[in-house]
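Read the figures in this text as sums done on the coordinates, not as results from a lab. Bear in mind the structure is a predicted one, so any value in this text is a computation, not a measurement. Quick reminder, even Gly has a Cβ in these numbers, built from the backbone with ideal geometry, and neighbours come from all protein chains shown.
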Amino acid sequence: MVAKVLTIAGSDSGGGAGIQADIKTFQELDVYGMSAITALTAQNTLGVQNVYPIPVDMVLEQLNSIAEDLRPDALKTGMLFSGVIIESVADKIAEQGWGNVVVDPVMIAKGGARLLQEDAIRAIREKLLPLATVSTPNIPEAEVLTEMTLDTMDRRKKAAKILHKLGSSHVVIKGGHGQEEELVDLVYDGNRFFEMKSMRIDTRHTHGTGCTFAAAITSGLAKGCTAEDAILTAKRFIHRAIEVQLGIGSGHGPTNHWAYRKAGIGV
């Protein structure tokens, strides 16, 4: 039977991030994608022009519909916008007993627009991270969540331990914002650290990388992979998506979601 995956996130009218990036990734990794939309954005590769939150009752109606008929094998959260939406979504996930939860704490768009209200940070820490099988903050997001400056690997390791203590079974602090010559993603499972290293690719076409990476992890978990294997596959998927550029748009262009499959790497 085909694995079913759910994304709870915002819509990106430009197609590079959010719900659209997630669904493309799910399709490429042979899982059935479903969605609950938390906000509408007017955006393109040049930036975010407007954000319109979906009323929380409608967010919950979407989740109720999924629960009634299409129980997900794994799910991910992306841009949840506000504290009330985060708390409501977390309560629904817990109520339904849904597992294999990937938390991508989306806070700021690639162009710099803030996508998360201030009251949402506490809700992520207290309500969402305790449900996470894997959390995938980038360095700035991890800094906000831990109230630390993560300018060294030792500090990132301390932050990963904090996030794990808050409830996330596995923590991936993505290294795209780091200063190392290589890009280093730090993974912590509560017992050990390991680093995923890759060459930095000189490109402005990185819109939606975080969403895509988290969606790829979710796909792996839904198909029964261990968290570590799902993370490693997701790393290969996103690296290929950045490496083989589409060259779309005048700003931060989207990644190439079908590059992994076209390379014949497999699923």
1/(1 + (r/R0)^6) with r = Cβ-Cβ of ARG71 and THR152, R0 = 41 Å, i.e. FRET efficiency to nearest 0.05, evaluates to 0.45
For the table LYS76/LYS127; LYS4/LYS161; LYS127/LYS197; LYS24/LYS157; LYS92/LYS158, the rows whose alpha-carbon distance is greater than 20 Å are LYS4/LYS161; LYS127/LYS197; LYS24/LYS157; LYS92/LYS158
Over all Cα pairs of the stretch 158-267, the Kirkwood radius sets Rh, and Rg/Rh then becomes 0.98
Computed for the chain: size of charge dipole around the Cα centre, +1 on C-beta of each Lys and Arg, -1 on C-beta of each Asp and Glu, debye to nearest 20, value 500
The percentage of Cα-Cα pairs in the chain separated by more than 22 Å is 51
One would report the antiparallel percent of DSSP beta bridges in the stretch 133-240, rounded to the nearest 5, as 75
Checked against the positive end of the charge dipole of the stretch 4-262 (+1 on Cβ of Lys and Arg, -1 on Cβ of Asp and Glu, about the Cα centre), the farthest of THR255, SER13, THR45 is THR255
Counting every C-alpha pair in the stretch 1-159, the percent lying more than 24 Å apart is 32
The stretch 119-154 scanned against label point 7 Å out from GLU182 along Cα→C-beta; backbone N under 18 Å for 152-154
Cα extents of the stretch 69-177 along the principal axes, largest first, in whole Å, come to 46, 28, 21
Residue-normalised 222 nm signal for the chain, counting each DSSP H run of n ≥ 4 as -39,500 (n - 2.57), nearest 500 deg cm²/dmol, is -11000 deg cm²/dmol
A chain fully extended from LYS165 to ASP91 at 0.36 nm per residue, minus the present Cα-Cα distance, gains in nm 24.7 nm
Output for the stretch 171-227: GluC sites (Glu not before Pro) sitting in coil per DSSP, at most 11 other Cβ within 10 Å, listed by number, reads GLU180, GLU181
Packing-ranked peptide list from 102-108, 141-147, highest mean Cβ count within 10 angstrom first, is 102-108, 141-147
So TYR32 and GLU61, fully extended at 0.36 nm per residue minus their Cα-Cα distance, gain in nm 8.4 nm
